[in-house]
Ligand code: GRF
């Protein structure tokens, strides 16, 4: 029986491509990506999935009517996110995956998503371009680079991790990490490209490890 994976994406999908090339399209991995869900309509990753014959679904907080585009009422925004996340969980569970991989998914997952998945025994893992406990949230590479240029980044070291997802952003238990030492003279663009190259390896390694740890 193959291991069924659902991937959540929001953009280019180069990490999804690494999973397709190394796991989904491999006759020996025993892994099948059963669906790719994007919260961004024009995410190029959706085309990558379609090219690989993987079913896709575009599911968005605003377009699907959970939240008005210009909503400012914080209570309404929170309730919209909670019900969107609950329906996202139902959507994912319909495919009976063994594992959910967030590969460049730019939406914070609420307990209304995580709890039903946990109840079904389906772990959720995420790729984050920083080491555990450092640079949680967006623009992690840029913030590490700023500290490097200011001379405050210890040992010039940043990195990447694959971790289990909990409701605290980028704080779940790490599955695998990789150090990236920023080089003297390296530009932010060069560092970003190097981080991405390393991500493509680590997401495959981390997904394989998470599969071995499945309940
Ligand atoms: C990756 O750099 C990931 O770390 C970040 O978003 C990017 C996604 O890239 N959170 P891609 O869509 O997989 O190409």
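Panel values: the chain, Kirkwood radius from alpha carbon pairs, Stokes-Einstein at 4 °C and 1.567 mPa s, translational diffusion coefficient 72 µm²/s. Springs join every pair of Cα atoms under 10 Å in this Gaussian network model of the chain, and among 19, 188, 131 the largest mean-square fluctuation is at 188.
Would you mind classifying the range 64-178 by shape? Square roots of the alpha carbon gyration tensor eigenvalues, ordered a ≥ b ≥ c; an a/c under 1.5 is rounded, otherwise it is prolate if a/b is larger than b/c and oblate if not. Cα axes put the range 64-178 in the oblate bin. Between residue 186 and residue 21, what FRET efficiency comes out of the Förster formula 1/(1 + (r/R0)^6) with R0 = 30 Å and r the beta carbon distance, rounded to 0.05? Once the sixth-power term is evaluated, E becomes 0.65.
If R0 equals 25 Å, the separation of the Cβ atoms of residue 86 and residue 58 corresponds to a calculated FRET efficiency of about 0.90.
Ranked by how many other Cβ atoms sit within 10 Å of their own Cβ, fewest first, the residues 1, 134 fall in the order 1, 134.
Working out 0.36 nm times the residue gap between residue 152 and residue 77, then minus their Cα-Cα distance, what length gain in nm do you get to one decimal?
Using 0.36 nm per residue and subtracting the Cα-Cα distance, I get 23.3 nm.
Each helix, a run of at least 4 DSSP H residues, gives -39500 (n - 2.57); summed and divided by the residues of the chain, these come to -11500 deg cm²/dmol at 222 nm. Highest GNM mean-square fluctuation among 162, 180, 203, for the chain modelled with Cα contacts below 10 Å: 180.
For the range 25-60 versus the range 68-107, the spacing of their alpha-carbon centroids is 18 Å.
Annotation: the residues 169, 100, 204, sorted from fewest to most other C-beta atoms within 10 Å of their own C-beta, follow the order 169, 204, 100. Using 0.36 nm per residue and subtracting the Cα-Cα separation, the extra length available between residue 51 and residue 68 on full extension is 2.9 nm.
FYI, it's all coordinate maths here, none of it is from the lab. Just so you know, these numbers come straight off a predicted model, no measurement behind them. So basically every Cβ, Gly included, is an ideal-geometry build from the backbone, and we count neighbours across all protein chains shown.
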